[in-house]
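What follows is a set of notes on a single structure, which appears directly below.
The values are calculated or read from the model by the stated rules, or taken from the named source; none is laboratory data. Because the structure is predicted, anything quoted here is derived from the model rather than measured. Here the Cβ positions follow ideal geometry from the backbone for every residue, glycine too, while neighbour counts run over all protein chains shown. Just the protein is used for accessible areas: all its heavy atoms, side chains included, with ligands, DNA and RNA removed. Shrake-Rupley method; radii C 1.70, N 1.55, O 1.52, S 1.80 Å.
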Amino acid sequence: MLLNILAILAGLVVLVWGADRFISGAAALANNLGVSPMMIGLTIVGFGTSAPEILVSCIAALDGNPGLAIGNAIGSNIANIGLILGVTALFIPLSVHSGVLKREYPLMLAISLISLALMWDGELGRLDGLVLIILLVVILGWMVRSAKTGASDPIAGEFDAEIPHDTPTPRAIFWLVIGLLALLLSSRALVWGAANIAAALGVSDVVIGLTIVAIGTSLPELAASIASALKNEHDIAIGNVIGSNLYNILAVLSLPGLIAPGPFLPEILSRDQPTMIGLTVLLFLMGYSFGKSGRINRLEGLILLSIFVGYQSLLLFSVIEST
């Protein structure tokens with residue numbers, strides 16, 4: 001058990017570090033190649049913050065633990081809204097000025113509902129995974145179009161301030177490769193330790209994915225959102241979460257369907273999906289503001305965090321009852 005815990009802890013630490021190096025290298029390389037800051041922020045950085053979830057879910061599905069992969073995808077979205085935005089807004093109220101983000105709010109909600117519809121039959125099959133991948137391609141195309149037409153959007157300046165502009169291309173490629181290798185190795189260690197602990201405790205790999213793995217793989221978003229909020233880059237703090245949640249559903253949740261299709265535990269439909277969609281609706285109501293500048297205040301941050309704590313407590317009780 002000690003070895004499994006050490007594998008998870010070491011995996012999480014290296015995972016967070018590797019994600020940071022991967023994003024920095026990819027953003028610097030894209031900048032050197034002349035890609036616009038808006039394009040880098042909406043696509044490369046958004047994809048990079050979900051890289052830990054993508055690799056963990058891919059390895060879990062290949063290892064025959066699709067429940068861990070599904071739990072990771074849904075649990076990460078719950079953690080992104082409840083934990084990350086909740087904690088961030090609790091200390092630093094967040095304002096939304098970006099028109100691009102206001103278009104992404106309803107999109108995130110729609111994609112969440114589509115994922116529920118695809119899983120409604122109790123199975124996540126290859127066709128479901130294929131539908132999510134096709135939607136990913138379509139939305140990536142939309143994001144590229146948004147990047148080209150949203151140069152004057154407030155978030156464009158925030159992206160530009162975050163992108164490394166003085167990193168030579170060889171160094172950018174070096175950190176890109178090192179970050180990717182770190183992500184691969186740490187994901188392997190994390191999945192191995194998590195699967196072993198689930199077996200030892202006699203609990204489902206879904207619960208481990210919803211708790212330890214989901215919170216751990218969301219740490220890059222937590223660090224990025226708090227850092228952005230401290231620098232008064234509120235749109236980036238919220239944009240990180242919206243982008244990550246979109247990628248988690250479309251890129252992460254599709255992997256177990258494509259690699260290891262089959263039925264999943266009914267609790268995912270009765271407990272986990274409703275929690276994810278409920279938090280998504282709350283975030284939409286708090287931040288969209290229907291034409292005005294949206295704002296997530298401290299009280300709303302406390303509400304989001306309280307829901308996350310209550311949900312994790314429910315999972316803990318389910319583990320205690322099963323053992």
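What to note about this one:
- Computed on the Cα atoms alone, the convex hull of the stretch 1-101 gives a volume of 143 cubic angstrom per residue.
- Seen from every direction in turn and averaged, the convex hull around the alpha carbons of the stretch 127-201 projects onto 8.9 nm².
- Computed label-point distance, nm, for sites Asn297 and Lys231 using a 7 Å Cα→Cβ extension: 2.9 nm
- Rounded if a/c under 1.5, otherwise prolate or oblate - the stretch 211-260, Cα gyration tensor axes: oblate
- About its Cα centre, the dipole of the chain is roughly 400 debye, where the only charges are +1 on Lys and Arg Cβ and -1 on Asp and Glu Cβ.
- In sequence order, calculated HN-Hα J values of the stretch 163-174 (Karplus, 6.51, -1.76, 1.60; Hz; x Gly/Pro): 7, x, 9, 10, 8, x, 4, x, 5, 4, 5, 4
- Heavy-atom accessible surface of the chain, averaged per residue, reaches 40 Å², computed with a 1.4 Å probe.
- Against the chain, whose longest principal axis comes from its Cα atoms, helix 298-322 is set at around 20 degrees.
- FRET E, pair Ala199, Val144, Förster distance 30 Å, beta-carbon r, rounded to 0.05: 0.10
- In order along the stretch 179-192, the Karplus-derived 3J(HN,Hα) couplings, from 6.51 cos²θ - 1.76 cosθ + 1.60 at θ = phi - 60°, round to x, 5, 4, 4, 5, 5, 5, 5, 5, 4, 5, 5, 5, 4 Hz, and Gly and Pro are given as x.
- Ordering Gly34, Val56, Leu118 by Cα displacement along the dipole of the chain toward the positive end leaves Gly34 in first place; charges were set at the Cβ atoms of Lys, Arg (+1) and Asp, Glu (-1).
- A Cβ-based charge dipole, computed about the Cα centre of the stretch 109-267 with Lys and Arg at +1 and Asp and Glu at -1, lands at about 360 debye.
- Pairwise centroid distance, computed over Cα atoms, of the stretch 1-59 with the stretch 243-313, Å: 21 Å
- Axis of helix 99-119 versus longest Cα principal axis of the chain: the two differ by about 20°, to the nearest ten degrees.
- Kirkwood hydrodynamic radius of the stretch 72-136, from the reciprocal of the average inverse Cα-Cα distance over all distinct pairs: 13.9 Å.
- Subtracting the Cα-Cα distance of Ser313 and Glu123 from their residue separation scaled by 0.36 nm leaves 65.8 nm.
- Computed on the Cα trace of the chain, the radius of gyration divided by the Kirkwood hydrodynamic radius gives Rg/Rh = 0.95.
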